[in-house]
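A short write-up of the structure that comes next.
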Amino acid sequence: MSTLNVVAGGSAAAAVAENIDALVADKVASRIAAKDFTLWGKEAEAESSIRLGWVTSAVDSQPLVDSIIALREEFKAKGVTRFILCGMGGSSLAPEVITRTAGVELVVLDSTNADQVGAALAADLSKTAVVVSSKSGSTVETDSQKRIFEKAFTEAGIDKTDRIVIVTDPGSPMEKAAQADGYRIFNADATVGGRYSALTAFGLVPSGLAGADIQALLDSANSAAPLLASDSADNPALVLGAALGATPGEYGTRDKIGIVDDGTSIVGFGDWAEQLIAESTGKLGKGILPVVLNPNSAELHSGLADLVAVRVVADATTTRGDEVAVSGDLGAQFLLWEYATVIASRLIGINPFDQPDVESAKIAARAMLEQRDAIAAPLFVEDSIEVRAEALNLDATSSVDAAVAALLKQLDTDSGYLSIHAYLDRTAVAEAADLRELFANKTRRPVTFGWAPRFLHSTGQYHKGGPAQGVYLQIVSAAKNDIAVPGRDFTFGELIASQAAGDAKVLADHSRPVLTLTLHDAKAGVAAIKRILA
């Protein structure tokens, strides 16, 4: 196993030096390990008292391993070799990084885009099993995905209860329905929030069925636990937490971090860390904005006074300037970043376990579904791209180029960020992710990119609850082949359109400017946006 280590340089090292003694004296690390729910203030106690199960997840989840492996062998004997995960936010991001790092295949369906759903349905169902993961058991996206696979298996003459596996909290609506239908159920720990659930059934069941070594994952976390619980200046969680939450910059504390995969064997770690940090810290007008970067991203070379780079590397022994280097095996890093996030939250005065603004987008999406005609007509259409705006004046604008320019004009050059929300089929239009780098090169400001509606369950909290610094670009496409949701009065296409419109409305209610570009042809539309930035 590689050594778990964190090294801070420059201003990040200054933050560590300034805060580490108090963190050690206050026994913050050992108190987290002891599940002391008083660490984040009186107002947070009701929530934190029931949200610290993640501290011991690597031990508590051990009994799951044998049953997951046994089910994998059972599926293998039946010729089932393809696994699909239906889940959102933390329920999908942890299994995605686990399986990609392990080099095993897992189809992650974390979208309501009808074309993406249709592609998952089109493969050989005789070799397919589906894991449906929902902590609350009432997530509309996951419920809709479950319904469509139930229908597909039944129509193919396959017993749905033989091929669908449920992961949910005890007592959830999904558990009750699954028990009535006779599904196999894996219960997760109800005292672990979704974004902290990597080492629970949510991370382990889909990953283990797909073939990842989940025992090694737990062993890695368990080996790191004593170090992370130690009240010592050498504790990497205290070092990382202080760097995340207190690194000074030209205009005060740096409130943005660039997470860079830089030579590590872990694949896609930044996406998981992004949802953990953003949803945990972005509230009450405060927060840390994580930005997933690559080693050549513009943010790392633009001299940004409000961003600190955190590089995930193979061996963290040195670092460059105002940066942090982190190394360690995946299981250990899951636990490290969870500790560091709640330590940073303590430093900035935030309850890391609630998500008060996530529900607002869900409510708005439901309202849009009930009143589909409430979705506004476009302000204008150019080259098959419909243009809409919320909290953004486009009165004198008649081109997509000018609309984009109007949005970027709202971007504060000292503290602002641009967030791109891609309501697209991420498997068929993967090139949309290239827009992140192009906009970063153009603006020389931090740019985040989120596949939608997945981000609504994670970074969406930061957009509404964090500092009012963002401007937002929604990119939406109509499905080529829409699909009705069985047992519901809406289609996947109507659902995702309602989610985009609902989130835009909530952002506008928070005085955040939103530009929505609806593409009649996703590939052609993305190419057109790229040409604007050329």
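The values are calculated or read from the model by the stated rules, or taken from the named source; none is laboratory data. Keep in mind it's a predicted model, so treat the numbers as computed, not measured. Because the Cβ atoms are built from the backbone with ideal geometry, glycine has one as well, and the counts that use them run over all protein chains shown.
Is it fair to say residue 459 is surrounded by fewer than 21 Cβ atoms within 10 Å (Cβ to Cβ) and hydroxyl-bearing (Ser, Thr, Tyr)? Taking the combined requirement at face value, the residue does not satisfy it. Selection of strands (runs of 3 or more DSSP E) fully inside the range 445-519 by the criterion of at least 3 residues being within 25 Å of residue 277 (Cβ to Cβ) returns 447-451, 470-477. Assuming residue 226 fulfils every condition listed in (1) without any contact (Cβ under 8 Å) to a residue 40 or more places away in the chain; (2) in contact with a Pro (Cβ under 9 Å, 6 or more places away or on another chain); (3) under 25 Å from residue 30 (Cα atoms) apart from one, which condition is it? (2) is the only condition that residue 226 fails. Taking the conditions (1) over 20 Å from residue 400 (Cα atoms); (2) in contact with a helix residue (DSSP H, G or I) (Cβ under 9 Å, 6 or more places away or on another chain); (3) surrounded by fewer than 21 Cβ atoms within 10 Å (Cβ to Cβ) in turn, residue 467 satisfies each one other than (2). Counting only residues that are farther than 20 Å from residue 248 by Cα, outside any strand (DSSP E or B) and either outside the structural domain of residue 330 (by TED's automatic domain parsing) or touching a Gly at 6+ places or on another chain (Cβ under 8 Å) (or both), the range 4-27 holds 1 of them. Output yes when any residue across the range 427-437 is at pLDDT 95 or above and either in a strand (DSSP E or B) or farther than 23 Å from residue 527 by Cα (or both), and no when none is. Scanning the range 427-437, I find no residue that is at pLDDT 95 or above and either in a strand (DSSP E or B) or farther than 23 Å from residue 527 by Cα (or both), so the answer is no.
Quickly run through the range 54-85 and pick out the residues that are over 30 Å from residue 225 (Cα atoms) and not in a helix (DSSP H, G or I).
Matches in the range 54-85: 78, 79, 80, 81, 82, 83, 84.
Over 22 Å from the mean Cα position of the chain (by Cα) and either outside the structural domain of residue 397 (by TED's automatic domain parsing) or in a helix (DSSP H, G or I) (or both), is that true of residue 526? When the stated conditions are applied, residue 526 passes them.
What number of residues in the range 126-141 are surrounded by fewer than 21 Cβ atoms within 10 Å (Cβ to Cβ) and more than 17 Å from residue 90 (Cα to Cα)? Summing the residues that are surrounded by fewer than 21 Cβ atoms within 10 Å (Cβ to Cβ) and more than 17 Å from residue 90 (Cα to Cα) in the range 126-141 gives 2.
Could you pull out the residue among 259, 288 that is closer than 14 Å to residue 347 by Cβ and aliphatic (A, V, I, L, M)? Break it down into steps so the answer makes sense when it comes.
Details: 259 fails: closer than 14 Å to residue 347 by Cβ.
Residue meeting the stated conditions: 288.
Among the candidates 444, 426, single out the residue that is on the phi > 0 side of the Ramachandran plot and either under 18 Å from the mean Cα position of the chain (by Cα) or not acidic (Asp, Glu) (or both). Result: 444 is the single residue among 444, 426 that is on the phi > 0 side of the Ramachandran plot and either under 18 Å from the mean Cα position of the chain (by Cα) or not acidic (Asp, Glu) (or both).
Of note, residue 429 does not satisfy the criterion of being among the aliphatic types (A, V, I, L, M), under 15 Å from residue 515 (Cβ atoms), in the same structural domain as residue 515 (by TED's automatic domain parsing) and touching a residue at least 40 places away in the same chain (Cβ under 8 Å). Residues in the range 178-213 that are β-branched (Val, Ile, Thr) and surrounded by fewer than 20 Cβ atoms within 10 Å (Cβ to Cβ): 2 in all.
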